[in-house]
Amino acid sequence: MKEVFRSRDGALIGFYQSILEDADIPHLVRNDPAQPAVIGNLIAAMLPLPDFWPALCVLNDDDYPEAMRLLNAVRDAAAAPPQDRKCPECGEMVPGNFSECWNCEAPLPTDDSPTRE
């Protein structure tokens, strides 16, 4: 069994856990305060030390490289800021996280919407 991720953020642990589930990689969460009350889990929930935070682990050591590849790909994709785009109506450069042009308020095409030429 190898640890692939540790965090006090239960939602992030759950998100990464769902990625491993989708890939059919057997795993478990150590120090999970959501599990039935066990003294160790209760202590872990109360201590702010990283050693006691929930830890996502793969059960088979052979699955470790694939699990790390999947989790790193998701982390890296989330960290990359969206690219700035040119408004098809007025030609202004618009930050990638905008859904419409700041200048003319025209809706910006999404990756899956057709673009005008």
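The values are calculated or read from the model by the stated rules, or taken from the named source; none is laboratory data. What you see is a predicted model; the values in this text were computed from it and never measured. Positions of Cβ are generated from backbone atoms using ideal geometry, with glycine treated the same way; all protein chains shown enter the neighbour counts.
For the stretch 1-28, give me each residue that is farther than 11 Å from Val58 by Cβ and not in a helix (DSSP H, G or I).
Arg6, Ser7, Arg8, Asp9, Asp24, listed by residue number.
Answer with yes or no whether Arg85 is under 30 Å from Pro107 (Cβ atoms) and modelled with pLDDT of 85 or more.
Against the criterion (under 30 Å from Pro107 (Cβ atoms) and modelled with pLDDT of 85 or more), Arg85 qualifies.
Look through the stretch 65-108, keep the residues that are within 30 Å of Ile25 (Cα to Cα) and touching a strand residue (DSSP E or B) at 6+ places or on another chain (Cβ under 8 Å), and return whichever of them is surrounded by the fewest Cβ atoms within 10 Å (Cβ to Cβ).
Top of the filtered list is Met68.
Where the second residue is not in a helix (DSSP H, G or I) and the first is small (Gly, Ala, Ser) and lies in the stretch 50-65, which pairs have Cβ atoms under 8 Å and are six or more apart or on separate chains?
Pairs that qualify, where the first residue is small (Gly, Ala, Ser) and the partner is not in a helix (DSSP H, G or I), are Ala55/Glu3; Ala55/Phe5; Ala55/Arg6; Ala55/Val29; Ala55/Arg30; Ala55/Asn31.
Keeping to the stretch 15-45, report how many residues are more than 13 Å from Ala55 (Cβ to Cβ) and modelled with pLDDT under 90.
8
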